[in-house]
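Laboratory data are not the source of any read-out in this text; all were calculated from the coordinates shown. Since we're looking at a predicted model, the values are computed, not measured. Here the Cβ is made from the backbone with ideal geometry for all residues, glycine too, and neighbour counts use every protein chain on show.
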Amino acid sequence: MRNCFARFNILFVSLALVCLFQGAAAAEVHENAEGTYAPNAGNANQAPAPNDAAAKYNTLTPYVTVSEEFNDNIFLSANNRKYDFITRVTPGFRLDYSAPFWTWRADASISYLHFAKATEGDQLYPTVNVWGSMRPIRNLLYLDVSDSYSRVPLNYGYESLFTNQANQNFLTVSPYLKFHPLRRLELTTGYIYKNVIYDRPDTVDWQEHDVFARATHELTPRTSVFAQLLYAHTITSEDYRYDRWTASAGLDYNYADRSHFHIEGGYSLINIAGAGDFGSPYWNVGINYAFGPWVAFANGGVTYNTDPYQNITERRTINGGLTREYRRGTITLSAYYYTTKDYLINSVYQKSYGLTLKVTHDFSGRLRGYAIGGVSRERGTTFATDFPYFVNRFEAPYHLISFDTGLNYDMGEGLALFCSYGYRDYLYEGDLPNAYNNRVILGITKTFRGWKF
């Protein structure tokens, strides 16, 4: 297996040196729409750089979670169902550190899994997420770093503890300049390095070098326009190399409370060494519209390199829905549609669409619950050696019915009890039997008081 841990030594040594030699002051870290802390990189989808607002202290908070799970089909197999009782122990810690020119956040844990019926041997799954933002020259020069190591599914929508899983390491480093030559004009330019590594020999690792420039002009306090140029050079572990040039422009408009509009459009030119030139429209759209207790939302866009089994891919995604807040919770109805294109064969090879209903409810100040139900359909080529069905190298089309529900009870003093139930049913077309499983989990989490420094 390819070792993904080496780069963590550098990150944690840097983190330790910062903690030893920097005083407490601080910067605020902003979270992007997906809950991750990404380099700024001048992209509208990425988190802005932290500011220099003072923080009271830094914290190191340890925690531990212990749970017991019953799973009636741990491999999510259609023909070889095996059940087991799985004990999981997950110790970990969270670190929040801020200083005048540094901000670090880290969340690291390791999960130990024991199988009562020995359907699998004992397992250890480390998960590490590190996010850092440095400001060597205030209001001019920035450096953002993020690194994550975790276990991920290799086929969209297919969930199993073991089947079709891999450990992934994703490193991003981005130095960039941001300055204001005019009061309402912001210029950002810099470099982004990305490196993605999996620990399975049948997957495709890749690294990418990006150079970008972005100009943003504030027309009014609520409205701004922007233009961006990006050059990306990508190299895969199968020695494919390609260049991508993307030019785009757009508008951001915050027109009311909880209501905003973002639109970006442009064009991408892609040159694949030995395969020729390709071109396609590039776009990114996001709309939120609040009316009374309701919020309507719609998002869509183009992303690249989304398939762990392919060298050069483009995914186009559209999703939208309605959210309603009520006194003790929320109700959200959403739908999505996506396609994935392989540039080496210059055609779309994956399509999926689905519908989801989610309800959250606060029963009391301590007891909260949720329920999520969904149905989707997927078809496309797959190269996973452990996927249930192949039809002439094509994944058998299926409908997925899913349901999840759970409760969380805050006992105070950092203790929380939780329980959950999950159901997945993959209904394959034709005469193929379906693959389904039920999971019931009971557990407790203890978050310790931690240290402030």
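Under 12 Å from the Cβ of TRP294, count the other residues' Cβ atoms, weight Lys and Arg +1, Asp and Glu -1, and hand me the total. So the environment of TRP294 carries a net charge of +1.
In the stretch 266-335, the C-alpha radius of gyration followed by the widest Cα-Cα span (Dmax) gives 17.9, 60 angstrom.
What full-extension length gain, to one decimal in nm, is calculated for THR447 and PHE93 as 0.36 nm per residue of separation minus the Cα-Cα distance? Provide the component values of the computation, followed by the final result.
On the way: separation 354, 0.36 × 354 = 127.44 nm, distance 0.90 nm.
Length difference between fully extended and current span is 126.5 nm.
Sorted by mean Cβ packing within 10 Å, highest first, what order do the peptides 99-105, 370-376 take?
Order by mean packing, descending: 99-105, 370-376.
How charged is the neighbourhood of HIS399? Take every other residue with its Cβ under 11 Å from the Cβ of HIS399, and add Lys/Arg as +1 and Asp/Glu as -1. Walk me through the numbers on the way to the answer.
On the way: positive: ARG377, ARG379; negative: GLU378, ASP425, GLU429.
So the surrounding residues net to -1.
Here r is the Cβ-Cβ distance between PHE85 and THR189 and R0 is 60 Å; the resulting FRET efficiency, rounded to 0.05, is 0.60. Of the peptides 336-343, 409-416, 243-250, the order by per-residue mean of other Cβ atoms within 10 Å, starting with the highest, comes out as 336-343, 243-250, 409-416.
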